[in-house]
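This report concerns only the one structure given below.
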Amino acid sequence: MTNNTGKEKWVDDVLNSLQGMHRIQPGDVYDNVMAKLNRPQAVIRPFPVKHWAVAAILLLALNIGSVIYYRGNSKNAARTTANEHPLAAQFQSSTYNY
C-alpha cells in the first residue's frame, strides 16, 4: 500500500506543479505568425549566376574528358586481338550467353 501512496503523491505533485500557469489562447499564436509574415524580409539574393557558370564549366570539362578517354580506349581496343589475351580468346569462343 505504501507504493500506491507514493505514486499518488507523485501524481499530486506533478499536477500541483502546473498551478499558476495560464493556457495560451489560439489568437496569440495566430497574431504572432501573422506578425512574422508581415515583417519585411531580408534582401533577396539575385539569381546565382556564378554557381550556374561553374556547374556548366565543370560539366563541359567532364564531357570533354570522357570523349578523350573514350577515343583513347577505342584506339587501343582496335589494336588488341584475341591472340594477345588468351582469356579473351576463350570468352570469344565460348557459346555461353553472358
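The values are calculated or read from the model by the stated rules, or taken from the named source; none is laboratory data. From a predicted model like this one, the values you see are computed outputs, not experimental measurements. Here the Cβ is made from the backbone with ideal geometry for all residues, glycine too, and neighbour counts use every protein chain on show.
Given the structure, is ASN63 outside any loop (DSSP other than H, G, I, E, B), of a type in the set (S, T, N, Q) and modelled with pLDDT of 85 or more?
For ASN63, the condition - outside any loop (DSSP other than H, G, I, E, B), of a type in the set (S, T, N, Q) and modelled with pLDDT of 85 or more - is met.
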- Task: For ASN73, indicate whether it is at pLDDT below 75, surrounded by 10 or more Cβ atoms within 10 Å (Cβ to Cβ) and not in a loop (DSSP other than H, G, I, E, B).
- Result: yes
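Give VAL54, VAL33, VAL29 a once-over and let me know the one that is surrounded by 10 or more Cβ atoms within 10 Å (Cβ to Cβ), assigned to a helix (DSSP H, G or I) and at pLDDT below 85.
VAL29
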- Can you confirm whether the range 40-48 contains a residue that is out of contact with any helix residue (DSSP H, G or I) (no Cβ under 6 Å at 6 or more places or on another chain) and not in a loop (DSSP other than H, G, I, E, B)? no
